[in-house]
Amino acid sequence: MVSKIWGYFIIIGILYSLFFGDVISLNETILNSTKTSLEMILQIFPVIALWLGIAEIANRSGLLDKLSRKLSKVLGPLFPEIPKGHVSLSYIASNIIANLFGLGNAATPFGLKAMSSLQELNKDKQKASRSMITFTTINTSGVTIVPTTIIALRILYKSASPTITVISTLISTLIATFFGIIIDRLMAKRYHE
Amino acid sequence: MSDYILPLIVLGIVIYGLLKKIDIYEAFVNGSKDSFKMSLTIFPNLLAMILSVNILVSSGILEDLINFLLPFLKVPIEVVSLMIMRPISGNATLALLNTIYTKYGVDSFYSLLGSTIQGCTDTTLYVLALYYGSIAIKNTRYALKVSLLADIVGITSSLIICYLLFL
């Protein structure tokens, strides 16, 4: 489905530009995309290098294991297919914790680690497993206690109360995640699992 | 407060590693080594997503669509754009949020609403492309549907909650 959307975006975008838009800026957009993504990789790469290093210390010292066992009770029912104490649970937990505190950059490497360890459990390597979809649903609905980027931006704009939206953000993100999980459950049933 | 989180996590993990008598230096270096491979798998996925999203955004079709929808909604165009762009592009929404802050004032209702929308969900399309792309999964099944529906729920509840709390 992501693949189809990808195609539609390109086709609709190019056709619309050709008929109603600006062809010169379309050219620029196409050529600049590589540059933009390279810049983004250069931004993400150092963070990944740092956190994968830190995470490996936590992994070898048994800290991730401990975390995983502690969180099995909470996360277990959400991911019935993951065997108890499997390392993917601790990566999922680390990803969620990083997101909770608004450390979005640190969350990404943990999320990627979670996906690759979920892939080990996956029977059909071409298809997303139910656990993966539950995980990405929680992830994209973005549970955050401290929306750091927004608070920083609000401070930059000299807000009288930079943290005032923390509570409204928390409530709406919790609602989104809650319904996300419910929709995920219903869909999983519909797709015969 | 949040300035303390990062150093404290690093401190805690390093102390715990030392107490468990593992070679923490070697562990760090070895773990970090994977970052090259990870970045290399991410790059083409990122590029693909940025290419198609940017082509769509720069075509102006979304703006035209929003202008068409605007009479039916009682919020300014920037806020509507923010809602529609939120799952598609993180950079575009951050830029929109800047515009809203400048135009209406950072403590205005629209800015509070915009901040809430920005914070309540993540950039769904980007996350999905990155996460599934990194393990070469082509068939994502119902992943996109679920995530987009959750986004709609999140954005709708942002609207309702902001009206209740801030107006």
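Overview of values
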| quantity | calculated |
| --- | --- |
| Within the range A:140-168, considering residues that are among the polar types (S, T, N, Q) and under 26 Å from A:P77 (Cα atoms), the one farthest from the chain's Cα centre (by Cα) | A:T144 |
| Some residue of the range A:101-112 being within 7 Å of chain B (Cβ to nearest Cβ), assigned to a loop (DSSP other than H, G, I, E, B) and modelled with pLDDT of 90 or more | no |
| Residue among A:S61, A:S88 that is small (G, A, S) and more than 20 Å from the chain's Cα centre (by Cα) | A:S61 |
| Residues located in the range B:110-140, provided they are in a loop (DSSP other than H, G, I, E, B) and crowded, with 20+ Cβ neighbours inside 10 Å | B:T121, B:D122, B:T123, B:I137, B:T140 |
| Residue ranges of helices (runs of 4 or more DSSP H) in the range A:118-193 with at least 3 members at the interface with another protein chain (Cβ under 8 Å from one of its Cβ atoms) and hydroxyl-bearing (S, T, Y) | A:130-140, A:165-190 |
| Search result, residues across the range A:21-56 that are free of Cβ contacts under 8 Å to residues at least 12 places away in the same chain, of a type in the set (A, V, I, L, M, F, W, C), farther than 14 Å from A:A106 by Cβ and at the interface with chain B (Cβ under 7 Å from one of its Cβ atoms) | A:I30, A:M40, A:I41 |
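The values are calculated or read from the model by the stated rules, or taken from the named source; none is laboratory data. Model, not experiment: these values are computed from the prediction. Don't worry about glycine lacking a Cβ; one is built from the backbone with ideal geometry, like all the others, and counts go over all protein chains shown.
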